[in-house]
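Asker: Please find one structure pasted underneath; my questions will follow.
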Amino acid sequence: MKRPIRPRRARGPLLLAFMALAVLLAPGIGRAAQSSQILMLNSYHQGFIWSDEVNGGLVDVLRPRETGITLHREYMDTKRVAFNDIYERQLLNVYAHKYKGVGLDLILATDNAAYEFLCRHHDKLFPGVPVVFGGVNFFQPDQLEGHPLFTGVAEILDMRQTIDCALRLHPGVKTVFVVNDYSCTGKAVRKSLEEQLFGLAPDVVVEFSDDEGLPGVLGQVERLPKDAVVLLAAFNKDCEGRYYGRDEVAQAVSARSRVPVYGIVDADLGHGIVGGMLANGRDQGQAMAQIALHVLSGRSPGAIPVLQGSLVSPKFDYDQLKRFGIKLAGLPEGSTVINRPDSFYREHSSLFLVAVTFGVLQFLIILALILNISRRRRAEKELRKVRSGSRSAPASCGRPKRSCGPFSISPMTPSSFTTARDAFSKSTSE
C-alpha cells in the first residue's frame, strides 16, 4: 500500500530529558531512597532487548545493592500474549493477590501497556502509591487528569531524522518501505511515523508492509526496486499471532534485501541494519530513575513535569556501510560506528607515539652531526687555503717584519752584516 507524502512542517525534536533533569537535581535524594520498596511493571517480557535496556538504565541510577532498595519486577508479556480483557482481568487478580499488604513506596511503569493498565486500575490496586512511567508513546497532558500521583518520561521515536539521514546518504531514493506489524504497538508507531514524514520531497513515496506473516513481508522486501530503502520499525508479531525477536527480524530482512535497511532503535544495530538516528532504552530508564529519586525524596509527582524529548543518537554498522558503499565522511557528525576495523594507530597508539618520539630524537641527533661535520669541513678548507698561501709567498721576503710600535724591525741576514761592516770600515779610514 503506497501513501504519497503530503507537505507539512515536520515536528522538531524537543529538549532532551537529561537536560531538564539536571535542573531537578537536589541534595538528600540518595538517603531518601534507602530501604524503599519499588515495583517495576514492564509491558513486555524479560529478554526483550528494549525492556532489558530500560531496566538496566533504572538499575544504573537506583543502585539497589548499594542503597538497599528492594525491586519487585513484573513482566506483563504483552508482546507474546494477546492483551485482551480476559488477560487484563487475570493480571489484575494476580497483582492484587501478590502485593496485598506489601508497603510499596513507588511504581515504575515501562511502555504503554503497563502505563495504561495502571491508569485504569491504580486506585484499586495501589492506592496512594506514586507512579513514574517511561517509554509512553502519544502522551498527552490531559491523560493525567485524575492521576495526580503520575509523572514520568514520554517516548518520542524520532523516525524522521533517520529517514532524512537515509535520503542524504542515498540521493536517488524514491521509495521508503516500512516493515511494521499491525499490533497495538505497530499501529502506534505507524501513526507517529505518518505524522513525522510530512514534509518530505513530493516524489518520495512511503509504503508499509502488508498484514501478513514474516515470509510474505520478506517477499515484499526482496522485490523492492533499487531506488528504495527499508525502514525497520516495529515488527514483533505477524497476522497469525506468531512472535519474532527484533534481532531475528532484522537479520532476516537484511539478508533478503538488496537495498539498505535502516532502523529506529539501537537494539537492531549489529543485526543487519545500516543504522540511523537510534533510540536507546537505557537512556529512558536513567531518565525515569532520576525522577523516581525525587519522588522518593518527598517531592510531589504533580510538581514534576512530564519530560518529553527525543533521546536518539547517530549509530551505524561498518559492515553494512561497506556493503552498500556508504562513505564514513557522509555520516552525521558525532556518529558511532560499530564493527569498524581498528587501524594500526588506534590499536597501538602508545607504541606509535614512542616510535615517533624516538624517530624525532634520532633525526635531531643526525641533523646535529651533519651540521658539525659541515662546519669541520669548512674549517679544514679554510686552513688548507692558509697553508697553500704561505707556501707560495716569494723567498726574498724572508721572515716577516716584526712590529715595535711605530717602528718595524727586519730580521738580520748575512748580506746585512757585510753591508754594515763595509760602512764601518769606510767611516774609520776617513
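The values are calculated or read from the model by the stated rules, or taken from the named source; none is laboratory data. Not measured: the values here are computed from a predicted model. Glycine gets a Cβ as well: all are built from the backbone with ideal geometry, and neighbour counts include every protein chain shown.
Asker: Can you confirm whether residue 213 is modelled with pLDDT under 95, in contact with an Asp or Glu (Cβ under 7 Å, 6 or more places away or on another chain) and among the small types (Gly, Ala, Ser)?
Answerer: Spelling it out, residue 213 is indeed modelled with pLDDT under 95, in contact with an Asp or Glu (Cβ under 7 Å, 6 or more places away or on another chain) and among the small types (Gly, Ala, Ser).
Asker: Which condition does residue 162 not pass, out of (1) crowded, with 16+ Cβ neighbours inside 10 Å; (2) touching a helix residue (DSSP H, G or I) at 6+ places or on another chain (Cβ under 8 Å), if it passes all the others?
Answerer: The single condition residue 162 does not satisfy is (2).
Asker: Quick check: is even one residue across the stretch 153-175 over 31 Å from the mean Cα position of the chain (by Cα) and in contact (Cβ under 8 Å) with a residue 60 or more places away in the chain?
Answerer: no
Asker: Of everything in the stretch 261-285, what is polar (S, T, N, Q) and touching an Asp or Glu at 6+ places or on another chain (Cβ under 6 Å)? Give them in sequence order.
Answerer: 280
Here's the yes/no breakdown for (1) closer than 15 Å to residue 162 by Cα; (2) in contact with a Phe, Trp or Tyr (Cβ under 9 Å, 6 or more places away or on another chain); (3) outside the structural domain of residue 166 (by TED's automatic domain parsing); (4) in contact (Cβ under 8 Å) with a residue 12 or more places away in the chain:
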| position | (1), (2), (3), (4) |
| --- | --- |
| 262 | yes, no, no, yes |
| 265 | yes, yes, no, yes |
| 271 | no, no, no, yes |
| 292 | no, no, yes, yes |
| 295 | no, no, yes, yes |
| 302 | no, yes, yes, yes |
| 327 | no, no, no, no |
| 336 | yes, yes, no, yes |
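Asker: Quick check on this structure: which one of 57, 68 is without any contact (Cβ under 8 Å) to a residue 60 or more places away in the chain, of a type in the set (Gly, Ala, Ser) and within 19 Å of residue 291 (Cα to Cα)?
Answerer: Details: 57 fails: without any contact (Cβ under 8 Å) to a residue 60 or more places away in the chain.
Exactly one of 57, 68 is without any contact (Cβ under 8 Å) to a residue 60 or more places away in the chain, of a type in the set (Gly, Ala, Ser) and within 19 Å of residue 291 (Cα to Cα), namely 68.
Asker: Could I ask something else about it? Can you pull out every residue in the stretch 150-197 that is part of a loop (DSSP other than H, G, I, E, B) and acidic (Asp, Glu)?
Answerer: Residues of the stretch 150-197 part of a loop (DSSP other than H, G, I, E, B): 156-158, 170-174, 180-183, 197.
Across the stretch 150-197, the qualifying residues are 158, 181.
Asker: Here is a follow-up. The conditions are (1) farther than 22 Å from residue 136 by Cβ; (2) at pLDDT 95 or above, and residue 294 fails exactly one of them. Which is it?
Answerer: Unmet for residue 294, out of (1) farther than 22 Å from residue 136 by Cβ; (2) at pLDDT 95 or above: (1).
Asker: Which residue is modelled with the lowest pLDDT, if the candidates are limited to the stretch 336-386 and must be within 24 Å of residue 321 (Cβ to Cβ) and among the hydroxyl-bearing types (Ser, Thr, Tyr)?
Answerer: Checking each candidate, the answer is 345.
Asker: Here's another thing I want to ask about it. State whether the residues of the stretch 116-127 include one that is buried (at least 19 other Cβ atoms within 10 Å of the Cβ) and part of a loop (DSSP other than H, G, I, E, B).
Answerer: yes
Asker: Please find, within the stretch 133-149, the residue that is surrounded by the most Cβ atoms within 10 Å (Cβ to Cβ) out of those that are over 34 Å from the mean Cα position of the chain (by Cα) and part of a loop (DSSP other than H, G, I, E, B).
Answerer: 149
Asker: Does residue 200 satisfy the condition of being in a loop (DSSP other than H, G, I, E, B) and either assigned by TED's automatic domain parsing to the domain that holds residue 322 or buried (at least 21 other Cβ atoms within 10 Å of the Cβ) (or both)?
Answerer: Against the criterion (in a loop (DSSP other than H, G, I, E, B) and either assigned by TED's automatic domain parsing to the domain that holds residue 322 or buried (at least 21 other Cβ atoms within 10 Å of the Cβ) (or both)), residue 200 qualifies.
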